[in-house]
Amino acid sequence: MSVTIAILSVCMLISAVSVVAARSPIVSALALVGNLITVAAFYAAMNAHFLAAVQILVYAGAIVVLVLFVLMLLNVKGEAGKKSDFILRVGAAIIAGFFLLTVVPIWDGWLGLSNLSAPEGTVRAIGKLVYTDYVYCFEVASILILIAVVGAVTLGRRARIPNIASE
């Protein structure tokens, strides 16, 4: 377990530094995804599987999508690529390999679905409740999210105003 924590710590530190040090805001947002997924791996290593799933869904999914949406709306561009980008890509591939070597054994135990009984508080028990007893609340929440996305796309679309002076 201590080797797993050490590898996850190194991955977290490198991704955190990448969030701050990246020249491109898109690369910085993607490094933030890596950092948030590493936090979820920490939760999974501590047997807090529901927190790990919520961390990935809410933070790595929704919040980072919101950040990327704002970056796209603002049309922020990064700096031109340099030759040192190859070194960064190789380093990122090595870090991703270490991360996968650490997380796959955790997920193998986490995703073992052979247990049919669902103790209270597990991901399976909460999922069963959400999709059976609270299915209408879940669907209302998904409709609200869909309305928010349509509204954001409508607001983000720029209206083309014809230029009368040029005609």
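Here are the numbers for the structure shown:
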quantity	calculated
Cβ crowding within 10 Å averaged over residues, with 131-138, 26-33 ranked highest first	26-33, 131-138
The range 22-64 - percent of accessible surface contributed by carbon and sulfur, probe 1.4 Å	74
Translational diffusion of the range 1-75, µm² s⁻¹ [Kirkwood Rh, Cα pairs; Stokes-Einstein; 37 °C; 0.692 mPa s]	256
Karplus-derived HN-Hα couplings along the range 32-45 (A = 6.51, B = -1.76, C = 1.60, θ = phi - 60°), whole Hz, x at Gly and Pro	5, 4, x, 5, 5, 5, 5, 4, 4, 5, 4, 4, 5, 5
Accessible area expressed per residue, the range 1-75, with surrounding protein chains retained (probe 1.4 Å, Å²)	57
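The values are calculated or read from the model by the stated rules, or taken from the named source; none is laboratory data. What you are looking at is a predicted structure, and each value in this text was computed from that prediction instead of being measured. Here Cβ is always computed from backbone atoms with ideal geometry, including for glycine, and neighbour counts include all displayed protein chains. Just so you know, the surface numbers come from the protein's heavy atoms only, side chains and all, with ligands and any DNA or RNA stripped out. Shrake-Rupley method; radii C 1.70, N 1.55, O 1.52, S 1.80 Å.
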